[in-house]
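First comes the structure, then the notes that go with it.
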Amino acid sequence: MKGEVDFSKIKTQADADSRFELWETVAEMIGAGEMPPEDNPQLNPKEKTMILDWHQERLEAPIEPRPGIFRPRRLSGPEYRNTLRSLFGFELKVAIAEAQQTVTGEQSLVLKLLPKDPPGASGFINDTHGATLSPVIWEQYAFLTDTAIERLFAPKQRPQLEEMIGEKLPANWEPSSLTLDQSRALIRRFVPRALRRHVSDDRLSTSLKPLKNKSGLELLKTLKFEMKAVLLSPAFLYRGLLVERFPGTQRQVDPFELAERLSYFLWEDRPDKELMTLAADGSLLKEEVITAQVKRMLKAPQARNLAQSFGVQWLGIANLDELIKNPISHHSLRTQPVLFLNHLFTEDRPVIELISSKTTFVNEGVSSFYGQDREKMKRHPKPKGIERQTTPFNKFTLEKATWRGGIITMPGILTMNRGPIQRGTWLLRRVLGVRLGEPPADVPPIKPAPRGQKLTFRERFERHRTDPSCARCHEEIDPLGFALDGYDTNGRFIDRNGKNANGPDTSGKLPTGEIFQDYTGLKEILLGSQREKIIRNSVERTLSYAMCRKLTRTDQPTIDRITKSIVKDNGTWENLFVEIVNSLPFRETIFEGETKK
Amino acid sequence: MSSKWKIERRTFLKGSAGALVPLPFLNLMEARGAKSVIGSDQGRAPVRFVTLFKPNGVHPPSWNINGGTENDFRMSPLMKPFSKHKKDLLILDNMGDFGFSSHSNSTRRFLSGHHGNRKTASLDQVIAEKIGKDTTHRSLELTTEGLFVNQIGCSYISYDKKGNPLPRESDPQLVFDRLFRNPSQNPDQRKEFTSLLDRVADDARALQRRTGKEDSETLEEYFTVLRETEKRLENMATTSRSSVDYSTLNRPDTPVTLDDQVEAMLDVIAMALWTDSTRCISYMLGNSNSRLIFDFLGINRQHHYLSHFFRNFSRSNIDSLLKISLWHMEKFDSLLTRLKRYKDGRGSLLDHSVVLFGSGMGHSDNHTAQRLPIILAGQGGGMLKTDRYLRYSKNQEVGRLHLSLMQKFGIDQKSYANSSTPLPGLDGSPFEEFKERSFESWVKRGKGTITAQGRLRMSNNLDEAKVFYIDVEGKPSVRIEIGFGDFHSYNLAYHVGTPIKLSGNSGEKNGQLVINKVTGLTSLFGNSKPGKANG
């Protein structure tokens, strides 16, 4: 952003208000003396104080909740894949023979061909606002579209084609015998499904007209062409281009837009038939109707995408992909937290169970982390002639392994973050939602212990921390991280009863003054004084994912309200999702532009 | 199926150099521009090079040809599926290194000439560098299964100039699409693409009218992309010179079984060569330690497990293993049959190809690195003299074969891998043939012990596939029935086919002498202890 802001474009109070983050940066840069740039006229101290006071005043002023400004955005890779799959009723997959212990790579043809989406400002890849379209991506869309449509007319895909035409086809049916009525019926079903809303007769006739007077192969070719034109239209590739607009106003989004917001949030997929029906008659706008839909949708298999996409991105679980090369351990370590998150999200579990839960999911790849509890695990004996294999997960309740439970002590999470500093940083950033700055550029390396002294890493690190610029963050990071030193690099619990009686020092003191002996003690603090902070962060991250954007100051009141209610009633993830879909940012938007008279 | 190939086609096509990049459509254009007239070769069909790799070695008694001469030999049981191509085959025997092979380095031995050759291009890539410049795709690297990341060498046979593995592709439809379903190659498709661009642009304009200013950036970006794509299409129309109507080629169906997948890929391979889209292809039927399960053959144990047929011995296991090996052989047959079906110049595609089939490992349980299964097929436009069986007098490093092939492809190469002399005999030139050396055979019994001297062989009887014999002239063979420990530490599999002196604890079974514990082994003409090092 630096150096790219044209302040002369900000004319009204509303313009200024909408740029909250800009003022944050301005204040920061003026404070640090980085603004104005050196070779420009400088501010005198009085001016400087004036600006900073103005900012401070506004910062403390009560904030009016406001929805975001409406912006269309391109479907993310996974959204595009899921949308194409649910539209056609089959998935485009890469042909590769599967075998145990091998990595087949990306098996979705869509994700294999599309460049990986970078995370947006929100940290989530569904925030595609900054991801530009390139000819390469467009050509891949063209190729995938072509491939899907060709496949729809292949004999194996007859049921899907019949569904789209709306009639049963005879066994010996050939695509060349497609009738005009059939192709019209197909277009009438296909276009609104693809564009995710009812479309005008005008739009329909654009696709229907060229079919007229055609038959046989020529008709088939025209029909395929029309289908391709729909799938390559920006109206399909982007979300929000067809929304009902009312420039210059803040208002409820139309019911189809709401259905789309809802289904891409919970399913990462287009609205299904039921949502489309409720959008068509407008009833989806009713609080009790959309609430019932959330409950229904969380029971559907697509809801797994919440854990798979939102959960994995939020907690950075994909970091395991680079780290664990053995496909069987990778599968076990990577799947376990996703199953756990899926359980929390879809089975109405309290938000705070993220930190503390008796439920976990275990297979043979991770069972050895669970001490005596593993004896309860269902055995999956290896069939003869199979050398190594992944085994299915079982849900089970922790009894003796009190050192597990919750996301923080999952083997995959612990092994993904190696060492106390990584673990502390992860906990602080991802779970507690603390924004840590970048470490200073000139950090000296941790010094070796002076001659003749035996110092643990912790002791050496504590000497290092005497530098005040390091201490600012490390005061917060280190106690959390060292508490997790009770687990080794691979995430294995170090049992103090045996030979490890003199294990690492896991005690610590938080900046709040609270003290603890080990992670069990820290966990109590997390569930006590830190509970609200953890819930607030969960609310923020979920809302940000749901809105596909970075949150702003005007979202604060919404976050405050939802956090309060979850904290008070020990609310569940389902409660949180319901709160979000009924919240102002989700329901409303601001359309820029002049109000039309 | 060849009747479907109603394509007018010049003897060979003029394309241009370009790497196979994972972008199916227009990007091929980027590679165009290089000149590509094969002036000096006028009138002659180009020679192609194809490699088909078989995973997990072989069961030697079923693979090896024992006895016979260069021009008078009988093919082994495992060779049955492709024996009809005998006239087009050049079967090599006594190829390999000294010692043993790991799975992960057997792939380097197979196509890079030596297990230790990790810094240079594999044979196919050296050849591609020479013959791949005139085609749209320099070379194709294909496979069937995913990466075995614990020992990554298992998953690659093709390596680039620096010896780094080249990415492989497993999906036959995707390969087909890259080659043929491509507007840069297909005028009809180009036309449709252009009208599609117009239509979508109309759509975008309509949207622009109803959306606000704030979205214009999004749509502007979209228009820019459309304009760029259109420009590239126009450019393509003026530079494309292909005369083949690719729309008549049959795109393979979505495969269901491994067999479908491989058959479809072999189809695409033949089409790619015939249309001269590429002249150099390597294809792995599986990783060198393939864990695939051949359920479509009714087998539910992993190939690698079964390939260790001594330690995991049972009659049904060895039957399953041979069934899988026969399937591999059938795929080799399938490839050759396809290459014969296509006319090319004055002969068939096979006449103008060199096909290298085989594995980088011999005995699949003991991992011996000699007597590797290696067969060349096709005349390569006169490079090779086929319908012969060459059993070399001594173990020949695979690098010699590769060096020899490189030179035949006109590559100025003085040495390759560990080898600096080419392998003689491929074109009918003289070579030192394997000759039996005379030795005495006898058997002596002590108190509870036996010492026997004679040729060691593995049992041909599959009911006792882990049993060995020492043949003694004029006497019943001595049966060797030992556990895995002895099999492994005395490396019995390594000495199979050669004369040895073996001592051990004796027993007797139905009047036959049996050794059930080995106490000593001496090779009459070779190394008694091949060592444990990777060979």
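Within the range A:53-91, restricting attention to residues that are more than 17 Å from A:Pro115 (Cα to Cα) and in contact with a Phe, Trp or Tyr (Cβ under 6 Å, 6 or more places away or on another chain), the residue that is farthest from the other protein chains (Cβ to nearest Cβ) is A:His55. Where residues in the range B:314-336 are within 12 Å of chain A (Cβ to nearest Cβ) and polar (S, T, N, Q), which of them is surrounded by the most Cβ atoms within 10 Å (Cβ to Cβ)? So the residue we want is B:Ser320.
B:Asp188 passes every criterion in (1) within 21 Å of the chain's Cα centre (by Cα); (2) modelled with pLDDT under 90; (3) part of a helix (DSSP H, G or I) apart from (1). I'd like the full set of residues that are surrounded by fewer than 24 Cβ atoms within 10 Å (Cβ to Cβ) and within 21 Å of B:Asp171 (Cα to Cα), limited to the range B:126-141. The answer is B:Arg138, B:Ser139.
Yes/no matrix, rows are residues, columns are (1) touching a strand residue (DSSP E or B) at 6+ places or on another chain (Cβ under 8 Å); (2) buried (at least 16 other Cβ atoms within 10 Å of the Cβ); (3) of a type in the set (A, V, I, L, M, F, W, C); (4) modelled with pLDDT under 95:
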| position | (1), (2), (3), (4) |
| --- | --- |
| A:Pro175 | no, yes, no, yes |
| A:Arg189 | no, no, no, no |
| A:Val199 | no, yes, yes, yes |
| A:Thr222 | no, yes, no, no |
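The lone criterion from (1) more than 30 Å from A:Asp505 (Cβ to Cβ); (2) within 18 Å of the chain's Cα centre (by Cα); (3) in a helix (DSSP H, G or I) left unmet by A:Pro557 is number (2).
Starting from residues that are surrounded by fewer than 22 Cβ atoms within 10 Å (Cβ to Cβ) and of a type in the set (Ser, Thr, Tyr), keep the ones in the range B:337-367 and report whichever is nearest to B:Lys394 (Cα to Cα). By that ranking, first place goes to B:Thr337.
Consider the range A:341-369 and keep the residues that are over 20 Å from A:Ala546 (Cα atoms) and part of a helix (DSSP H, G or I). The one that is modelled with the highest pLDDT is A:Glu353. For the range A:151-177, name all the residues that are within 14 Å of another protein chain (Cβ to nearest Cβ) and either assigned to a loop (DSSP other than H, G, I, E, B) or in contact (Cβ under 8 Å) with a residue 60 or more places away in the chain (or both). A:Arg151, A:Leu152, A:Phe153, A:Ala154, A:Gln157, A:Gln160, listed by residue number.
Inspection of the range A:369-380 identifies no residue that is within 14 Å of chain B (Cβ to nearest Cβ) and of a type in the set (Ser, Thr, Tyr).
Given B:Arg311, B:Arg291, which one is more than 30 Å from B:Asp188 (Cβ to Cβ), within 11 Å of chain A (Cβ to nearest Cβ) and assigned to a loop (DSSP other than H, G, I, E, B)? Don't jump to the end; show me each part of the working.
On the way: B:Arg311 fails: within 11 Å of chain A (Cβ to nearest Cβ).
It is B:Arg291.
In the range A:224-244, the qualifying residues are those that are among the basic types (Lys, Arg) and crowded, with 20+ Cβ neighbours inside 10 Å, and the one that is nearest to the other protein chains (Cβ to nearest Cβ) is A:Lys228.
For the structure I just gave you, tell me whether A:Val94 is more than 7 Å from chain B (Cβ to nearest Cβ) and buried (at least 17 other Cβ atoms within 10 Å of the Cβ). Spelling it out, it is not the case that A:Val94 is more than 7 Å from chain B (Cβ to nearest Cβ) and buried (at least 17 other Cβ atoms within 10 Å of the Cβ).
Considering only residues in the range A:565-597 that are crowded, with 18+ Cβ neighbours inside 10 Å and part of a loop (DSSP other than H, G, I, E, B), the one that is farthest from the other protein chains (Cβ to nearest Cβ) turns out to be A:Gly571. Among residues of the range B:152-209 being among the hydroxyl-bearing types (Ser, Thr, Tyr) and over 30 Å from B:Ser112 (Cα atoms), the one that is surrounded by the fewest Cβ atoms within 10 Å (Cβ to Cβ) is B:Ser195. Here the range B:294-307 is the region considered, the condition is being facing chain A (nearest Cβ under 8 Å) and in contact with a Lys or Arg (Cβ under 7 Å, 6 or more places away or on another chain), and the residue that is surrounded by the fewest Cβ atoms within 10 Å (Cβ to Cβ) is B:Arg301. Checking B:Glu228, B:Glu220 one by one, the residue that is at pLDDT 85 or above, under 21 Å from A:Ala142 (Cα atoms), facing another protein chain (nearest Cβ under 7 Å) and surrounded by fewer than 18 Cβ atoms within 10 Å (Cβ to Cβ) is B:Glu228 and no other.
Table: residues versus (1) assigned to a strand (DSSP E or B); (2) free of Cβ contacts under 8 Å to residues at least 60 places away in the same chain; (3) among the β-branched types (Val, Ile, Thr).
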{"position": "B:Pro424", "(1), (2), (3)": "no, yes, no"}
{"position": "B:Lys444", "(1), (2), (3)": "yes, yes, no"}
{"position": "B:Glu473", "(1), (2), (3)": "no, yes, no"}
{"position": "B:Gly485", "(1), (2), (3)": "no, yes, no"}
{"position": "B:Leu513", "(1), (2), (3)": "yes, no, no"}
{"position": "B:Val518", "(1), (2), (3)": "yes, yes, yes"}
{"position": "B:Thr522", "(1), (2), (3)": "yes, yes, yes"}
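For the range A:564-585, the set of residues classified as under 14 Å from A:Arg261 (Cβ atoms) and touching a Pro at 6+ places or on another chain (Cβ under 7 Å) consists of A:Leu584, A:Pro585, listed by residue number. Restricting B:Gln453, B:Gln370, B:Gln413 to residues that are in a loop (DSSP other than H, G, I, E, B) and surrounded by fewer than 21 Cβ atoms within 10 Å (Cβ to Cβ) narrows the list to B:Gln413. Among all residues of the range A:101-109, there is none that is farther than 30 Å from B:Ser290 by Cβ and surrounded by fewer than 21 Cβ atoms within 10 Å (Cβ to Cβ). Give the residues of the range A:506-520 that are within 31 Å of the chain's Cα centre (by Cα) and surrounded by 16 or more Cβ atoms within 10 Å (Cβ to Cβ), sorted by residue number. Listed by number, the residues that qualify are A:Leu510, A:Tyr519.
Considering each residue of the range B:142-151 in turn, none proves to be of a type outside the set (Phe, Trp, Tyr), surrounded by fewer than 24 Cβ atoms within 10 Å (Cβ to Cβ) and more than 12 Å from chain A (Cβ to nearest Cβ). Just to verify a result, which residue in the range A:113-137, among those that are outside any loop (DSSP other than H, G, I, E, B) and touching a residue at least 40 places away in the same chain (Cβ under 8 Å), is surrounded by the fewest Cβ atoms within 10 Å (Cβ to Cβ)? Filtering first and then ranking leaves A:His129.
Screening A:Ile413 with (1) in contact with a Phe, Trp or Tyr (Cβ under 9 Å, 6 or more places away or on another chain); (2) loosely packed, with under 15 Cβ neighbours inside 10 Å; (3) of a type in the set (Val, Ile, Thr) gives one miss only, at (2).
Residue-level check: of (1) at the interface with chain B (Cβ under 8 Å from one of its Cβ atoms); (2) part of a loop (DSSP other than H, G, I, E, B), A:Thr147 misses just (2).
The values are calculated or read from the model by the stated rules, or taken from the named source; none is laboratory data. The model shown is predicted, which means the values in this text are computed figures rather than measured ones. Here the Cβ is made from the backbone with ideal geometry for all residues, glycine too, and neighbour counts use every protein chain on show.
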